[in-house]
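Notes for the one structure printed next.
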Amino acid sequence: MDTLPLIILGILFLLAIFDLVVGVSNDAVNFLNSAIGSKVAPRSVIVAMAAVGILLGSSLSGGMMEIARSGVFVPAQYSFSDIMLLFLAVMLSDVILLDLFNTFGMPTSTTVSLVFELLGAALAIAACHLWAAGDTGIAGLAHLFEYINTANAFKIISGIFSSVGVAFICGLVVMWISRAIFAFRYRSSYKRFGALWAGAALTAITYFAVFKGLKSSSLMTPGTLAALETNLCGYVLGVFAGWTALMLLCQFVFRVNVLKITVLAGTMALAMAFACNDLVNFIGVFMAAHASYGIAEAFEQNGGNVSTLMMGGLAEPVVAGHAWLIGAGLIMMTALFFSKKARTVTNTEVSLADTHGGVERFGSTKASRLIVRYVLNLIHCMVNMTPRPLARFIGRRFEPLPPEESDGAAFDLIRASVNLTVAALLISLATSLKLPLSTTYVTFMVSMGSSLADRAWGRDSAVYRITGVLTVVGGWFFTAFAAVTFAFVSALILFICGWFGIVLLLAAVGTILVKSSTLHGGKSHRKDVLALDLANGESLSKFGVSTAETLGHALAVYESAVHGLMREDRKSLRQLRREVRRMSREIDDRRNFVVLPSLNGLPSSLVERGQCLFRVTESMRGTVESLRSIVQMSYAHIDNNHEGLSAVQARELEVLRNRVSKFYPELSRLLMQGDCTELDRALGEASDLSDEFAQAVRRHLLERADDVSQTRTGILYLNLLNETRSMIRRAYDLLKDQRELLHC
């Protein structure tokens, strides 16, 4: 046999390891968010429980492996070489796609990625064969679908997307009922119903995650399965009685909060369901390629010619080896503990489900505003139709706790247990039916449904939360489009270019992984540097260093803008315009996601420091906005081909620019060192420099009082002087507020 299939198999093995790492980084959001959002335990404990669930789930998996082998395409239509190239295209596309989504913190569906990648690669290779045979046009299109398992693919895809609505409705209904029972102040209700609630939740988790989940496991024998189904009611009742008795013992004897047990057990069960359902997304392609190689090897040993081998054997039932499954589980466990990108993806869903207000991660769109408006009208009609005593009773049950009583948690243990239980039930049920349900879709939409029912989306936050949901859901549809496109193009390159195509795509994958890792590392570093604790002097010093770095960058942009204007360099001004926009976004992110959250719930002793911090941030924003105006005006003037500055204006602006260039580095040095001894001198220099620009503005107005020529250039120069003066005044305010912030 040729060495190429063996090399491809080795590449697929390595890519499967990468896929396990990037896949669990993305899907960790599915089973960690509820526990992390409710702060049920330290993150290390939560991750450890999830890791146990992953290992159990992967060892019991194997029933979904047919999806990669014959779930989307008809293997009998493809030769052995076609299949190996198809699988390689799928894995290359999958690693790129998932890593890009992880880098930008957007949860996506590994199931959708796999299904649409298989579809795209299969269509590409089928199209190549039909083109080579001259089978084009309408007839060729009809023959193209003979290569695709159309009925099964439609069943899979429709099941995935219909799960969005089912999960949202289930989360909403169950959460509404649960909150009506327990309310937000659930101490009295917890004493009466806590053990029963926990027992029922744990029974439901056990039933679906074990009884139903084991049905698709390679460990389940027909005899054991028959015995289980025969006595299922008895087993379920026994499990309920056992769990309830144990929860009563924990609650009243050991004084343990059984809701925490439920959430941690639900985290483990959901991780287990994830591994059972989604393991095929990570190693299913490699396992199918390994089986294909085994079929080809046996065919050749029997005297056959591998080049003529068609892969109909992949349609036969398969039992995955336990060594492969457990090995995959160990890799996923390791990735879960050490992946930084998993934390990035987690933040998106937790912020959308947060009960309390604060700064929102997403903006407002017309669609979200329309949805909120129509829902408010619907709620108003329902309230008018509800008897007032009943409406008052329900209203009291849904009165939220104030932020100071929530211990900083995004939501409470009741909602966390609902999220985990409902999601685990839906995912495990789909697994037992061998439907490749998207764990991302289910857990996200259950969480959003429960958030809506729990009134986490108030009128102050609803439009932003809905925009976030629409953004994430839109990202899912983009996943499908991107997966088909990536895999289709990759398969074409591999089929047409052979060895050269393999090397080219591997180089592309390596480059993208390195670039995305660097990008994510930079983001994480910036967030670590800017993490603020107002009671911590070191944290404030780090903030001062970050502010100084921004000022230094602002000076560099200002100097480049002045030079670009003098030289009438449109290209450099256009680049500076993009750069200053990026700076503005960065400042806004620092304000919204670092400074403002650190001001929430400040003790009275730190209120003044908080005010100073806010003023420093606003001064920095004002500096960047003035710089943005300078760059934008300069670019617009040159882009419109207007006449440049006069010689007198250029000389005067150069002198003033040199004065700014001396002042800003000194300011940056003082901020970086936290040195307050020379601030009075620096403040005097800032005041003098501001006066110089004011005098320049006055001279310009006097000189142009009777000159109506060069109006546009005159207006530009006047605005440049004014905005530069504004930058200096902002720096003056920044110096004063920084001194107060450091209590100098």
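Taken together, the values in this text are just the output of simple stated rules run on the coordinates, not laboratory data. Keep in mind the model is a prediction, meaning the values are calculated, not measured. Note that we place each Cβ from the backbone using ideal geometry, even for glycine, and neighbour counts take in every protein chain shown.
At R0 = 45 Å, how high is the FRET efficiency between S539 and L225 if r is their beta carbon distance? Nearest 0.05 is fine. The pair S539/L225 has a calculated efficiency of 0.20. For segment 578-590, backbone phi angles converted through the Karplus equation (6.51, -1.76, 1.60; θ = phi - 60°) give residue-by-residue couplings of 5, 5, 6, 5, 5, 4, 4, 5, 5, 5, 5, 5, 4 Hz, Gly and Pro being listed as x.
Peptides 186-197, 299-310, 461-472 ordered by packing proxy, namely the average of other Cβ atoms within 10 Å per residue, highest first: 461-472, 186-197, 299-310.
Extending 7 Å from Cα along the Cβ direction at D639 and again at N305 yields two label points whose distance is 6.4 nm. A crude spin-label estimate for the pair L718 and A315, with each label 7 Å from Cα along the Cβ direction, gives 8.1 nm. Each pair of Cα atoms in segment 29-91 enters the Kirkwood radius, and Stokes-Einstein at 37 °C and 0.692 mPa s then converts it into a translational diffusion coefficient of 219 µm²/s.
Each label was represented as a point 7 Å from its Cα along the Cα-to-Cβ direction; for F500 and T485 these points are 2.5 nm apart.
Measuring between alpha carbons in the structure, the pairs from K39/K515; K542/K571; K39/K191; K366/K515 lying more than 25 angstrom apart are K39/K515; K542/K571; K366/K515. Its alpha carbons give segment 224-277 an Rg and a Dmax of 14.4, 40 Å. Computed from the C-beta positions of L330 and F145 and an R0 of 45 Å, the FRET efficiency is 0.65 to the nearest 0.05.
Within segment 249-317, the ratio Rg/Rh, alpha carbon atoms throughout and Rh by Kirkwood, equals 1.46.
As a calculated quantity, the FRET efficiency between L248 and V514 at R0 = 51 Å, using C-beta atoms, amounts to about 0.40.
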